[in-house]
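Structure, as structure tokens:
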Number of protein chains: 2
Amino acid sequence: MSDKIVIAIDAMGGENSPEKNIEGISLFVKKNINLKDFFFNIFGKEEIISKLLIKHGVPKEFYKIFNTLNTVSDEETPLSAIKNSKNSSMWNSINSQVVDNSHISLSAGNTGVLLVISRMILKTIEEVRKPALAGLWPSKRGVNVVLDLGANIECDENNLIDFSEMGSALYKALHPEETAKVGLLNIGKEEIKGTEIIKKAHAKLKDDEKYKDFDFNGYIEPNKIMDGDSNVIVADGFTGNIALKTAEGTAKFITDSLKESLNESFLSKFSILFSYISLKKFKNKLDPRKYNGAIFLGLKGPVVKSHGATDSTGFYYSIDLCYRIIKGDLMNKIKKNIKPVNANKN
Amino acid sequence: MSDKIVIAIDAMGGENSPEKNIEGISLFVKKNINLKDFFFNIFGKEEIISKLLIKHGVPKEFYKIFNTLNTVSDEETPLSAIKNSKNSSMWNSINSQVVDNSHISLSAGNTGVLLVISRMILKTIEEVRKPALAGLWPSKRGVNVVLDLGANIECDENNLIDFSEMGSALYKALHPEETAKVGLLNIGKEEIKGTEIIKKAHAKLKDDEKYKDFDFNGYIEPNKIMDGDSNVIVADGFTGNIALKTAEGTAKFITDSLKESLNESFLSKFSILFSYISLKKFKNKLDPRKYNGAIFLGLKGPVVKSHGATDSTGFYYSIDLCYRIIKGDLMNKIKKNIKPVNANKN
């Protein structure tokens, strides 16, 4: 079992848990049944979970259930959750990276609590000043890594440099054959644009010959994120979260408007019959479930947060992300990126 | 002529000027020919402009041409432009609010130069700490005002309060029958979320009984901008610019993907015939030209910046915006909003 990728699943987090979580596991197992190089440590109410695993036909060789009594609710604050959470599925799924053989942990539960207890249990890598939350973002050329998405509201230039290094490591873990190309998110391409912190980060990233594990593309404006010329987009957590939610809102507004227009008349409804396959491809390309999963980077073990409201398909994609992260050797890539650089950092 | 709305046009700014600028004027005149309550002071190379006005059939009663020798280029920095610009169409179109009878100025030229010389010529209103750039943003319920879009990279809580007051005045000028509802752009709804500056602005706006010229809706997350529950969205210039450009990029990515999908197969191309009217309505609703025009607020006279790359239709919409701003008595609304509040501000 030691050569397998072991994923710890918090089966009780998110809407419609544990059904969607177990169905997500089942989708992953069916898709990868021939690989047999993965294993699930599943945390939650054993009685329900074992029934669901049988119902969805997941073979026993792929999992072990760890019975836990509590579930962290969405309303809980990090403070109260720490007191109550030691018997929770979330706590134990993360802790299994320390006390058991899990390589990575996945939860669709309360984000605030997950971030706090992940830091408590796994601890921050010594060379990293602040851990960050990274996400996947569609582009014309594939998928970008974007970070920080909200873990750190205020950041200095060294945090932004750490994010560049960790984001590049994640990109390389997911796409070993490609070059990581970092863009600093800013309101203009010119070097005089932006806040003092961004300018300092730009100067350090540009001039410092040590930073050689990725290409530095300079500033990137948010309207160019999806062009794909840069594939690692770096910002402080406030800016990253603003960009993420603006993109979500805009995408929803446009696709809602399109649906409304196409349902407006008999003729346009009729036309959908002809464009059905094209529209399905369009919908599929932009399906947010395919980009489900934010990765908490900078701790001694990786933690993935699935969207709470996603369904079993979305949860499947975040399991697949966990698998690829470990397969791509993320943790060693982060250490390699961070180490030599910080040796000379001040 | 004194009871007419007098709009100063920099005819030489932006791509394809002065043709698109004059064509924009002609579109406006044709649409509003019966009102006769407007007049254009047009600045630029008289010889070309007078020919274009005749070509596009604009009656002489609607305009006066002011011959200017220079044009501010897109590459010019504010510093060099100030030296060279006193004979430019841009400088004179703004200055005509001081030395002539113009009520508002419109340019599609160099944004940086426009902001700097507007401040120089028109001066900031005493009670306003920093002027701001406001834009229009589509929502499910109509159009939002969003500011600051990039004039001020760093803002304190008092700037955000000024923006709330000026943005509300603009919203009321454009929609006299509606209530301005201010939302502070933030990464969460809860009061504990966000930067210290945003929290201070929230506390002041919430508690202070003096702020009564608009409803304060508290924080708004960027994915809710287009819901329309708040119609005046307030942020510092960095955050506002990030949000604006993210929305632009996302919209472009989605509509490009849709186009690509619909052009993919013969059947889907064929289907466009049936959904043509619906898709046209969809396209029309989201047409960025309809939201063309950023308003520079907080100076003693209003200045509107048209997108440089827009066409005559986009330029027409920014002329229409100028007309509605003066018709809606923006300047007095700003003074009314700002005055009583600042009396007790510290």
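Viscosity 1.002 mPa s, temperature 20 °C: give me the Stokes-Einstein translational D for the range B:10-142 in µm²/s, with Rh taken as the Kirkwood radius over C-alpha pairs. Write down the numbers at each step before the final one.
Details: Rh = 15.9 Å.
Here the translational diffusion coefficient equals 135 µm²/s.
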For this session: Please tell me the relative contact order of chain A in percent, rounded to the nearest whole number, where contacts are Cα pairs under 8 Å and at least six residues apart.
Result: 23 percent
Exercise. In which sequence would B:Y323, A:Y316 go, from the one with the fewest C-beta neighbours within 10 Å to the one with the most?
Worked result: B:Y323, A:Y316
For this session: Describe numerically, in nm with one decimal, the distance between label points set 7 Å from Cα along Cα→Cβ at B:K30 and at B:D229.
Result: 4.3 nm
Exercise. When DSSP assigns beta bridges and you keep just the ones with both residues in chain A, what percent turn out antiparallel, to the nearest 5?
Worked result: 30 percent
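Too long at a 20 Å Cα-Cα cut-off: which of A:K281/B:K285; A:K140/A:K224; A:K140/A:K259? Could you put the intermediate results ahead of the total?
Values: A:K281/B:K285 24 Å; A:K140/A:K224 10 Å; A:K140/A:K259 23 Å.
Correct reply: A:K281/B:K285; A:K140/A:K259.
Above 19 angstrom, tally the Cα pairs of the range B:136-288 and express them as a % of all pairs, no decimals.
Details: 6690 of 11628 pairs.
That tail contains 58 percent of the Cα-Cα pairs.
Quick check: from the Cα gyration tensor, does chain B come out rounded (a/c under 1.5), prolate or oblate? Write down the numbers at each step before the final one.
Values: a/c = 1.74, a/b = 1.11, b/c = 1.56.
Cα axes put chain B in the oblate bin.
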Seminar exercise, completed: Along the range B:190-206, Karplus-curve 3J(HN,Hα) (6.51, -1.76, 1.60; θ = phi - 60°) to the nearest Hz, with x for Gly and Pro, reads 5, 5, 7, 7, x, 6, 4, 5, 5, 5, 5, 4, 4, 4, 5, 5, 6
For this session: Excluding A:L114 itself, calculate the net charge of residues whose Cβ lies under 12 Å from the Cβ of A:L114, where each Lys or Arg counts +1 and each Asp or Glu counts -1.
Result: -1
Problem set entry | Scattering curve values for the protein assembly as shown, log₁₀ I(q)/I(0), Debye with Cα scatterers, q = 0.10, 0.11 Å⁻¹ | -1.02, -1.18
Exercise. Which of the trypsin sites (Lys or Arg not before Pro) found in the range B:83-174 are in a DSSP loop and have at most 15 neighbouring Cβ atoms, other than their own, within 10 Å?
Worked result: B:K123, B:K140, B:R141
Problem set entry | Calculated from backbone phi, Karplus (6.51, -1.76, 1.60) coupling profile of the range B:219-232 in Hz, x at Gly/Pro | 6, 10, 8, x, 6, 10, 3, 7, 6, x, 5, 10, 10, 10
Seminar exercise, completed: In the neighbourhood of B:D227 defined by beta carbon distances under 13 Å, the net charge of the other residues (Lys, Arg +1; Asp, Glu -1) is +3
For this session: Could you give the C-alpha radius of gyration of the range A:187-257 expressed as a fraction of 2.2 N^0.38 Å, taking N as the number of residues it contains?
Result: 1.29
Exercise. In straight Cα distance, which lysines are under 16 Å from B:K36, not counting same-chain residues fewer than 8 positions off?
Worked result: B:K4, B:K60, B:K64, B:K327
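What's the extension gain from A:S80 to A:E61 if we count 0.36 nm per residue and subtract their Cα-Cα distance? All intermediate terms of the calculation are to be shown ahead of the outcome.
Numbers: separation 19, 0.36 × 19 = 6.84 nm, distance 3.65 nm.
This chain segment gains 3.2 nm when fully extended.
For the range B:136-288, calculate the relative contact order in percent as a whole number, restricting contacts to Cα pairs under 8 Å that are 6 or more residues apart.
Values: 210 pairs, mean separation 49.8, N = 153.
Reported as a whole number, the value is 33 percent.
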Seminar exercise, completed: With the dipole of the protein assembly as shown defined by +1 on each Lys or Arg Cβ and -1 on each Asp or Glu Cβ, the option from A:I42, A:V29, B:A294 whose Cα lies farthest towards the positive pole is A:V29
Problem set entry | Test item: Cα-centred dipole of the range B:136-288, Lys/Arg +1 and Asp/Glu -1 on Cβ, debye | 840 debye
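Determine the dipole magnitude for the protein assembly as shown: charges of +1 sit on the beta-carbon of Lys and Arg, -1 on that of Asp and Glu, nothing else is charged, the reference point is the Cα centre, and the result goes in debye to the nearest 20. Mind showing how you got there, number by number?
On the way: 96 positive and 86 negative charges, 210 e Å.
The calculation lands at about 1000 debye.
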For this session: Can you find, among B:V72, B:P18, A:C155, the residue farthest towards the positive end of the dipole of the protein assembly as shown? Put +1 on the C-beta of Lys and Arg, -1 on that of Asp and Glu.
Result: B:P18
For this session: With only Lys, Arg, Asp and Glu charged, each at its Cβ (+1 for the first two, -1 for the last two), find how big the charge dipole of chain A is about the Cα centre; round to the nearest 20 debye.
Result: 740 debye
Exercise. Considering the dipole of the protein assembly as shown built from charges on the beta carbon (Lys and Arg +1, Asp and Glu -1) around the Cα centre, which of A:M90, B:F62, B:I5 is farthest to its positive end?
Worked result: B:F62
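I want the antiparallel fraction of DSSP beta bridges within the protein assembly as shown, as a percent rounded to 5. Please report the intermediate quantities before stating the final value.
Numbers: 26 of 82 bridges.
In the protein assembly as shown, approximately 30 percent of DSSP beta bridges are antiparallel ones.
Would you mind counting up the charge near A:L133? Only other residues with Cβ under 14 Å from its Cβ, with Lys and Arg at +1 and Asp and Glu at -1. Don't skip to the answer; put the middle values down first.
Numbers: positive: A:R119, A:K130, A:K245, A:K305; negative: A:D148, A:D162, A:D236.
In short, +1.
Readers should treat all values here as calculations from the given coordinates under stated rules, not as data from a laboratory. Worth saying up front: this structure is predicted, and the values here are computed from it rather than measured. Positions of Cβ are generated from backbone atoms using ideal geometry, with glycine treated the same way; all protein chains shown enter the neighbour counts.
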